[in-house]
Each structure stands twice: as C-alpha cells, then as structure tokens.
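Asks: The structure's right below; bear with me while I get my questions together.
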Amino acid sequence: MTQPRRRDKAATRAALLEAARLRFAQHGYDGTGVRDIAGDVGVDPALVFRYFGSKDRLYGEAVTVEVPAGRLGDPDRPITHITDGLLHDVVFADWEEFDGEHPLLVMLRSSGRTAIRDQLRERICADYLQGFAERMGGPDAALRAELVGALLLGLGVMRSLIGSPALSDAAFEETRTLVARMVAALADD
C-alpha cells in the first residue's frame, strides 16, 4: 500500500509565491489567473486563497522591492556612487525569480490598476527617491531626485521591456559612466 504524500504547507506556500512571481513578471496582474499559478504548482486553486487570502494579497507579497541595507544610508558616498548600485540592480541585474527583471519593472506591467500604481508610487517615492532628495538638499531636491528616478526607471524600461538595441548591447561599465555624468549634473546645486 502506498503511503499518502506528506503535506508541507511551507513548501506549497513558497512554491505558489515562486510561480506567482514568474507569472506576474511574464503576464502582469490582469494576465495572470489564480488557476494558472496553482496549475504551475500542481495544487488546487483554493490553496492560493487559503495561504494568501486573495489574488491582490498574493501579488503584494510576491512582487516586493527591498532597498538594500545601506544603499542610501551612507552620507559620505556621492549620489553618483549610489546610482551605480541602483543602475546595476534595476537595469542590469538578472532577477531570476522575476523572469530576469527588477520587481519595479514587473509592477510597471500592471500599473494600469490603481492599487498597483499606488503601491509602485509608494515604493519608488518613499523607498528610493526620498533618500535621494535628502542627500541632494536644496530647494528643488525632490524634483532632481525624481528626475534621477525617471532616468533609472526609463533605462530599465528601454533595456528590459522594450529591448532597445544600443542599451541592450551596452556593458554596465560603459553605461554607468554616462549615467554618472547625467546624475552629477542633477546632484549639483
């Protein structure tokens, strides 16, 4: 007689999160169904609701953005050095769990939904740009910080989502030199 398979709630939950990350990265929020995610894991769709409560909550947990510790916190590092790290993370890093893209770019695919657009705004403005603005100082620091954010996100969109030829073929070192010059102009009071 065959023993029934042991249930592992933590492993099933983790597998659902992993499948959701890939699905949301590839198809966005609206193009991803709970049945698709559950099917990828080989479980009943009801488990998605049991573990996460709703598709919205699954999305919120699956598509998270963490600002690396210390990335914005060292006041002795120039803004251009900080943007090097973010340029690497947002534009050049291979985020395997999100089908190769940074979670911010994954969220952009679903930004037509008000709740996701609000979440994206909060993460970009509070997690990244507020730190830039504080570091830059001056009367128009918030605007200059948002311009840096637009530059980095725009580069990510051009390279990852659009696949523009020159940027897609460019090496990180080549790109960071040009980006540093643009950011230096914005950081200068």
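The values are calculated or read from the model by the stated rules, or taken from the named source; none is laboratory data. On a predicted model such as this, the values are computed, not experimentally measured, just so you know. For the accessible areas, the whole protein counts, side chains as well, though only heavy atoms, and no ligand, DNA or RNA atoms are used. Shrake-Rupley method; radii C 1.70, N 1.55, O 1.52, S 1.80 Å.
Asks: Relative contact order (percent) for the chain, with alpha-carbon contacts under 8 angstrom and 6 or more residues of separation?
Replies: Values: 182 pairs, mean separation 39.9, N = 189.
Worked out over the chain, it gives 21 percent.
Asks: For the chain, take the longest principal axis of its alpha carbons; what is the angle in degrees between that and the long axis of helix 9-27, to the nearest 10 within 0 to 90?
Replies: Long axis of 9-27 versus the principal axis of the chain: about 50 degrees.
Asks: Counting only residues 5 or more places away or on other chains, whose amide H sits under 5 Å from the amide H of Gly100 once H atoms are built in the peptide plane?
Replies: When sequence neighbours closer than 5 places are left aside, the close amide H contacts are Trp95.
Asks: Carbon and sulfur atoms: what percent of the 1.4 Å accessible area of region 111-165 do they account for?
Replies: Whole-percent figure for carbon plus sulfur exposure: 58.
Asks: Could I ask something else about it? In degrees, nearest 10, range 0 to 90: what is the angle between the Cα axis of helix 141-156 and the longest Cα principal axis of the chain?
Replies: It is inclined by approximately 60 degrees.
Asks: Additional query: Please compute the alpha carbon radius of gyration of the chain, then divide it by the globular-protein estimate 2.2 N^0.38 Å. Two decimals is fine. All intermediate terms of the calculation are to be shown ahead of the outcome.
Replies: Numbers: Rg = 19.3 Å, N = 189, 2.2 N^0.38 = 16.1 Å.
Against the empirical 2.2 N^0.38 Å value, I get 1.20 for the chain.
Asks: I'd like to check one number: the per residue accessible area of region 73-189, probe 1.4 Å, reported in Å² as a whole number.
Replies: Value for region 73-189: 51 Å² per residue.
Asks: Another question about this same structure. Semi-axes of the equivalent ellipsoid of region 93-188: what are they in whole Å, largest first, if each equals the square root of 5 times a C-alpha gyration tensor eigenvalue?
Replies: With the √(5λ) rule applied to region 93-188, the semi-axes are 23, 20, 10 Å.
Asks: Another one. Give the value in nm², to one decimal: projected area of the alpha carbon convex hull of region 101-146, averaged over all directions.
Replies: Values: hull surface 13.9 nm².
Projected area, direction-averaged: 3.5 nm².
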